[in-house]
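Reviewing the structure listed below.
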Amino acid sequence: MIPGEGLYILAKVNLTFLKNIQKHYNKVEIDQWFWSLFDIKKVLLPKDADVKVYTQSVPEKFRFSIKIPNSITLTHFYNRDRKTPLKKDPHFFNPELFQSFLTTLKPMKKTLVCLCSSLIISTKKR
């Protein structure tokens, strides 16, 4: 374990950080791809180049867990002011979007240990 440090979550592509992690751990969670829901018309999935960089930057036995993008797992957009009505996420559980996400991850297949879901369902009516 790295002194003074705890569990690691990669929030952006950082090869120096990833190489340092490999000295102490054999797996890491990629958090950056969870943050994908920005607008009804703007959803970001992992970039092919980033997937390749991660995959090619680790030894064969290194493993990744990945959060499924929030565009797929959120029922509604985040509502920071909590006063306006919630807007539904039209991408929620969208099978085509999920398949696109999985297709993008294909180069990581051998290093992927799990996909994590942060399923957030709003039960409050506003």
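The values are calculated or read from the model by the stated rules, or taken from the named source; none is laboratory data. Quick caveat, the model's predicted, so the values are computed rather than measured. Note that each Cβ is placed from the backbone with ideal geometry, even for glycine, and that neighbours are counted across all protein chains shown.
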* Asked: Could we say that VAL58 is surrounded by 15 or more Cβ atoms within 10 Å (Cβ to Cβ), among the β-branched types (Val, Ile, Thr) and in a loop (DSSP other than H, G, I, E, B) here?
  -> yes
* In this structure, does ILE2 turn out to be modelled with pLDDT under 85, of a type in the set (Val, Ile, Thr) and not in a strand (DSSP E or B)? -> yes
* To do: Kindly indicate whether VAL113 is modelled with pLDDT of 90 or more and touching a helix residue (DSSP H, G or I) at 6+ places or on another chain (Cβ under 7 Å).
  => no
* Asked: Quick check, is ILE72 touching a His at 6+ places or on another chain (Cβ under 7 Å) and closer than 30 Å to LYS27 by Cα?
  -> yes
* Answer residue from segment 92-114, given it is farther than 17 Å from PHE62 by Cβ and aliphatic (A, V, I, L, M) and is surrounded by the most Cβ atoms within 10 Å (Cβ to Cβ) among those -> LEU97
* Check GLN56, GLN22, GLN32 and return the single one that is at pLDDT 90 or above and touching a Pro at 6+ places or on another chain (Cβ under 9 Å). => GLN56
* Residue list for segment 71-91, filter: exposed (fewer than 11 other Cβ atoms within 10 Å of the Cβ) and β-branched (Val, Ile, Thr) -> THR84
* Asked: Would a scan of segment 75-96 turn up a residue that is outside any loop (DSSP other than H, G, I, E, B), within 23 Å of LYS106 (Cα to Cα) and modelled with pLDDT of 95 or more?
  -> yes
* Structure fact -> Pairing a residue in segment 42-69 that is over 20 Å from TYR25 (Cβ atoms) with any residue that is small (Gly, Ala, Ser) and at pLDDT below 90, where Cβ atoms lie under 6 Å and the two sit 6 or more apart in sequence or on different chains, gives ILE68/SER117
